[in-house]
Amino acid sequence: MKSRLACTDRKKKNPAGAIDQELFAWMREIRRSLHRYPELAYQEERTGRRIVEELDRLGVKWRGGFASTGIVAEIGQGGDTPCVALRADMDALPITEETGVSFASTRPGVMHACGHDGHVAMLLGTAALLRDQELPGRVRLLFQPAEESGNGAARMIDDGALDGVDMIFGGHIDTHYPVGRFTVDQGLVCSYTDPFVIRIHGQGGHAARPHEAIDSVVVASNLVMSLQTLISRQIDPAQAAVITVGRFVAGTVHNVIAEHALLEGTIRSAHPGTRERILSGIRRVIQGFGEMCNASIELEFFGHLPAVINDETATAIARHAADRVVGTDNVISQGHPSLGGEDFAFYQQRIPGCLVRFGGACTTRETGPAHSSRFDFDEAVLGLGAAWLAEVARAGLHSLGS
């Protein structure tokens, strides 16, 4: 495949945004290096080594071993002083890259398809911006594994990453918006997420004699379609929700009725009442199908993510920082809450926090959406993201100390 240029390679304007060219070039090199060598959840060993190498060069103290591969660094005064945390996620996705960029993944089947390589580069850029400043407290940098799967944030908390922290902020690159736009919203911004597994146990048999068997493929197929009626006919249309079955496995050969089938999927909902209605509904549907088809059906929920709900005070601080970095006219609302899940929510269950979105759409070439094989973003967002993280940390400390 012919190599394509990255978005910023063709830009005539200063891609560093709110930071100088030298710092931007350093961040871009880090992002591209991480992109070449992506690592899945709890496997971010090489990524972690690069992070600590850069922190050592900056003279920033750090500790490892959080949530297995996570890293926590700290800048500023010691002792019992106000502390603001900033979070960047590190993990990649099990996707084969098809962007064609010169720094594409060298690892088949693994790709940074959600911008986490950019988030790490931003947070290291923030460390460079803050390390020599007089801060009225402490800024803690959380390099977190396993956002995409594994709920790394919860394990970071269990290992003490939030101990002594008063407030937390984070941002996510979003290619729905152009570079220079930030979305900042109070309240619910990302949905409740409930992954599930359904195991169907029927009775195998000959393809020509279905009456002697219980066809798990037919049961599973009808179940997939029936689950959609929970959304279309039992949930208020004004309440955002979705059920997606992303994996369907059954059978071994064309002329044998499959005895077992496996469905894996996810439920997304933007309201706690809606969530409970869907969870109870899926249990009813499965029980009914099992009795109707004389099949044994097991349902398992795992890896629940709470909703991301931005705190009022933290959101005001985040908006003020965004105003200073990109200008008031470029700070917008994302509109309706996203049905995407984000384990940043675990931090917000412990302390006030705010998650924002950094516009990063490519304008020089066609790319794919997040979690696709052709995902990419405009690297000019790196400078703006680092500038905002530094600004929101300072603003948060001043707010806590006032």
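The values are calculated or read from the model by the stated rules, or taken from the named source; none is laboratory data. Just so it is clear, the structure is predicted and the values come from calculations on it, not from any experiment. Positions of Cβ are generated from backbone atoms using ideal geometry, with glycine treated the same way; all protein chains shown enter the neighbour counts. To get the accessible areas, we keep the full protein, side chains included, count just its heavy atoms, and leave off ligands, DNA and RNA. Shrake-Rupley method; radii C 1.70, N 1.55, O 1.52, S 1.80 Å.
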Between the residues Ala154, Val356, Thr315, the Cα farthest towards the positive end of the dipole of the chain, that dipole coming from +1 and -1 charges on the beta-carbon of Lys, Arg, Asp and Glu, is from Val356
Diffing the stretch 384-395: the Karplus 3J(HN,Hα) column from phi (6.51, -1.76, 1.60, θ = phi - 60°), in whole Hz with x for Gly and Pro, holds 5, x, 5, 4, 5, 4, 5, 5, 5, 5, 4, 5
Over the chain, cysteine residues that find no other Cys C-beta under 4.7 Å are Cys83, Cys114, Cys190, Cys293, Cys354
For the chain, longest principal axis from Cα atoms; helix 216-234 axis from its Cα atoms; angle between them, nearest 10 degrees, is 60 degrees
Per the rule of 0.36 nm per residue minus the C-alpha distance, extending Ser33 to Gln77 adds in nm 12.7 nm
accessible surface per residue for the stretch 161-223, probe 1.4 Å, DNA/RNA/ligands not counted, whole Å² -> 37 Å²
Over the stretch 15-150, with neighbouring protein chains present, the accessible area per residue in Å² at probe 1.4 Å is 36 Å²
Placing each pseudo-label 7 Å from Cα in the direction of the beta carbon, Val249 and Asp132 end up separated by a distance in nanometres of 5.4 nm
When the chain is treated as a Gaussian network with springs between alpha carbons less than 10 Å apart, the largest mean-square fluctuation among Ile95, Ile214, Ile231 is found at Ile214
Between the modelled labels at Ile332 and Phe302 (7 Å from Cα along Cα→Cβ) the distance in nm is 3.9 nm
On the formula 1/(1 + (r/R0)^6), with r taken between the Cβ atoms of Ser280 and Asp158 and R0 of 35 Å, the FRET efficiency rounded to 0.05 is 0.75
Taking placed amide H atoms and a strict 5 Å upper bound, the residues 5 or more places from Asn310 or on another chain that come that close are Gly187, Leu188, Val189
So the FRET efficiency between Arg365 and Glu22, C-beta based with R0 = 22 Å and rounded to 0.05, is 0.25
Residue by residue through the stretch 170-182, the couplings from Karplus 6.51 cos²θ - 1.76 cosθ + 1.60 with θ = phi - 60°, in Hz, x for Gly and Pro, are x, x, 9, 5, 9, 7, 6, 10, x, 4, x, 10, 10
For the chain, longest principal axis from Cα atoms; helix 21-36 axis from its Cα atoms; angle between them, nearest 10 degrees, is 20 degrees
For Ser373 and His211, extending 7 Å from Cα along the Cα-Cβ vector and measuring point to point gives, in nm, a value of 4.6 nm
For the chain, the dipole about the Cα centre with charges only on Cβ (Lys and Arg +1, Asp and Glu -1), to the nearest 20 debye, works out at 760 debye
Carbon plus sulfur, as percent of the 1.4 Å-probe accessible area of the chain, comes to 48 percent
Taking Cα atoms only, helix 45-58 is inclined relative to the longest principal axis of the chain by an angle, in degrees rounded to 10, of 10 degrees
Computed from the beta carbon distance with a Förster radius of 51 Å, FRET efficiency for Gln203 and Ser149 to the nearest 0.05 stands at 0.95
At the level of C-alpha centres, the distance separating the stretch 326-402 and the stretch 113-138, in angstrom, is 13 Å
Note to self, the chain gives a 222 nm [θ] from helices alone (DSSP H runs n ≥ 4, -39500 (n - 2.57) apiece, / all residues, nearest 500) of -11000 deg cm²/dmol
